[in-house]
Amino acid sequence: MNETADLAPAVRSILDAARERDAPDRRLSVSPRSLPDALAAADADGRVPTIAEVKPTSPTTDGERRDDPAALAREMVEGGAAAISVLTEPEHFGGSPDALRAVRDAVDVPVLRKDFLLREAQLDAVEADAVLLIARFLGDDLAGMLAAARDRGFDALVEVHDRDELQQALDAGADLVGVNNRDLAELVVDLETFETVAPHAPDDVTLIAESGVTTPADARRMREAGADGLLVGSAIMDAEAGDVESNTRRLVSA
């Protein structure tokens with residue numbers, strides 16, 4: 001695994017907790033709803049392909065939403081979301097496998113499990129349609145984790161932050177790549193991150209822009225830069241901006 005000294009303290013704390021988290025003594029086999037197909041279908045339907053995130057809280061947001069995750073997910077789908085992302089990290093994001101199970105039972109779109117997975121057994125915590133694998137945290141283990149996820153049936157979204165990590169993901173065989181606009185050292189968001197990395201991805205890779213999309217203008221900017229889809233959490237969950245359904249519709253109609 002890569003060195004973590006240059007990571008923000010909050011990120012190091014998340015990783016420390018992930019290393020200590022128990023993994024189930026079982027092996028899953030899932031029949032997924034295809035995440036790339038759902039994004040393509042939304043695009044064909046004239047919507048901005050959006051993965052809307054059920055996120056109770058995070059180290060970069062204030063407060064916590066205690067709404068029923070399944071109800072939130074249904075509102076997001078009503079608003080036009082192509083897929084749903086659910087945090088299952090408990091200590092820092094208030095998530096849980098139970099929340100993901102409830103969401104997946106409540107909607108008919110793909111559900112992405114967003115967590116900090118460091119070893120193969122952690123893939124087996126809960127059935128999902130896709131899982132997030134973070135290149136920076138897995139290092140030389142990325143190819144093995146990617147193969148293990150696919151062997152269980154999951155789509156695997158490999159998250160990168162720069163061109164070197166993109167190449168690492170491509171070398172590992174990734175064909176579904178998320179470019180996170182949030183820097184892991186200072187936790188600063190810069191949409192230019194996606195614009196810098198995206199031109200170097202092959203045409204047959206599905207590219208997701210993650211973090212920092214807060215307005216329809218941001219959504220259009222990322223699409224123009226080559227994003228096949230967006231992963232949006234805070235802007236949709238922000239109660240001050242409106243209800244979840246209308247927040248989702250505002251972005252997918254950009």
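Quick notes on this structure:
- Against the conditions (1) assigned to a helix (DSSP H, G or I); (2) within 18 Å of the chain's Cα centre (by Cα), Asp140 satisfies every one except (2).
- In the stretch 197-242, the residue that is farthest from Ala42 (Cα to Cα) out of those that are among the small types (Gly, Ala, Ser), in contact with a helix residue (DSSP H, G or I) (Cβ under 6 Å, 6 or more places away or on another chain) and in a helix (DSSP H, G or I) is Ala241.
- Residue check, Asp140 closer than 27 Å to Glu127 by Cα, of a type outside the set (Lys, Arg) and surrounded by fewer than 21 Cβ atoms within 10 Å (Cβ to Cβ): yes
- So Ala8, is it modelled with pLDDT under 95, small (Gly, Ala, Ser) and surrounded by 15 or more Cβ atoms within 10 Å (Cβ to Cβ): yes
- Among the conditions (1) surrounded by 11 or more Cβ atoms within 10 Å (Cβ to Cβ); (2) at pLDDT 80 or above; (3) part of a loop (DSSP other than H, G, I, E, B); (4) under 21 Å from the mean Cα position of the chain (by Cα), the only one that Ala23 does not satisfy is (2).
- The listed residue being at pLDDT 95 or above, under 18 Å from Ser211 (Cβ atoms) and part of a loop (DSSP other than H, G, I, E, B), out of Val48, Val30: Val48
- Those residues of the stretch 57-91 which are at pLDDT 90 or above, within 15 Å of the chain's Cα centre (by Cα) and either among the hydroxyl-bearing types (Ser, Thr, Tyr) or assigned to a loop (DSSP other than H, G, I, E, B) (or both), in sequence order: Ala81, Ala82, Ser85, Thr88
- Taken together, Glu245, Glu186 contain a single residue that is out of contact with any strand residue (DSSP E or B) (no Cβ under 7 Å at 6 or more places or on another chain), in contact (Cβ under 8 Å) with a residue 40 or more places away in the chain and part of a loop (DSSP other than H, G, I, E, B), which is Glu186.
- All of Leu133, Leu100, Leu118, Leu123 fail the test of being farther than 24 Å from Ala40 by Cβ, among the hydrophobic types (A, V, I, L, M, F, W, C) and in contact with a strand residue (DSSP E or B) (Cβ under 7 Å, 6 or more places away or on another chain), apart from Leu123.
The values are calculated or read from the model by the stated rules, or taken from the named source; none is laboratory data. In this text, all values refer to a predicted model and were calculated from it rather than measured experimentally. Backbone-built Cβ (ideal geometry, glycine too); neighbour counts: all protein chains shown.
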